[in-house]
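These notes are about the structure you will find just below.
What follows draws every value from the coordinates through simple rules; no lab data is involved. Just so you know, these numbers come straight off a predicted model, no measurement behind them. Positions of Cβ are backbone-derived with ideal geometry, glycine not excepted, and every protein chain shown enters the neighbour counts.
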Amino acid sequence: MASSIFTPSQISSLTASTGASSASGSSSSAAATNALGAQALAGNFNEFLTLLTTQLQNQNPLDPLDTNQFTQQLVEFSGVEQQINMNQQLSTLIGLQQTAQSAQAASFVGSTVVVNGSTAQLVNSQAAWNYSVTSPATATFNITNASGQTVFSQTATVQPGQQTFNWNGVGTNGQQWPDGSYTLSVTATDASGKSVGVSTQVQGVVSSVDLTQNPPILLVGGQNFKLDQILRVVAPASATADASALAQLANLLRGNNTGAGSGN
C-alpha cells in the first residue's frame, strides 16, 4: 500500500510543541506559544489536506492509499487542535486569576494587617509584637536593631495564648534608641526546662503593593510579604482613612474653640 502522508513522529512532534504552553509559568508566554502552535497546526494541516487530495487523485488503483492511516492522522490533527484550544482557555483563566489577585492586593493599601514575622517598626518610641506560647513558661525576650546589636533583654513568666509585647525604645542600659526596625526573638522553657514553642506576629500598615510580582508583594513596615502571609486585617483602608479624617476634624474643631475662647 501507499506510504502515509505524515509519519507518526511528525505528528508527535507537533503535539509536543503545541502542548508545551500548558507547562509555562507565564500567561503571556503561554499565549505566544499557543499562537505559534495554532499557526504551525494550520500550516501543517493545510499541507496535509493538499498532499492528501493530490495523492487521492493520483493514487495507483492497484496500490491504493491506506485509508486507515490518513484517517488516524486526521484524528490526531483534531486532537492537537483541541489541545491548543484548551491551552488558550487555560491561559485566559490564568490571566483572569492574576487580575483578580492584583485587584485584591491593591485593596490592602492603607490597611492595618497582622503578618507572621518578628521585625517591627519603632515609631515615636513605640513598638509592639504579638506572640503566642503553647503552655506556661519562662520566656526571654531579646530585641536587636538593624545591625544585629542586642538593645534590650527581659525575662518574664508567660501564660498560654496570644499576648502583646510592647517596647518604648528604652534599652536595657537605659539608652533611648531611635526609631527604626527592630527584631524580637523569644525563647521559652517550661518548669522542667524543656523548650516551649513560641510564634511571633507583627502589625503594620500596607504602604504599597508591587503588582509586577506574581503573586503581588505587599510592603508592610518596610518588609515584603506575599498576599497569603496576611493573617488578618485589623483595620481596612477605608476605616483607617475615616479615622484619620475624624481626627483631623477633631483637631480643627479644637483649634476653632481655642481661637473663639481667646477672643473673648
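A protection proxy built from the mean count of other Cβ atoms within 10 Å ranks the segments 190-196, 168-174, 128-134, most packed first, as 128-134, 168-174, 190-196. Sorted from longest to shortest, the spans of the Cα atoms of the stretch 112-237 along the three principal axes equal 49, 33, 24 Å.
Set against the 2.2 N^0.38 Å expectation for a compact globular protein, the stretch 106-146 has a Cα radius of gyration ratio of 1.53.
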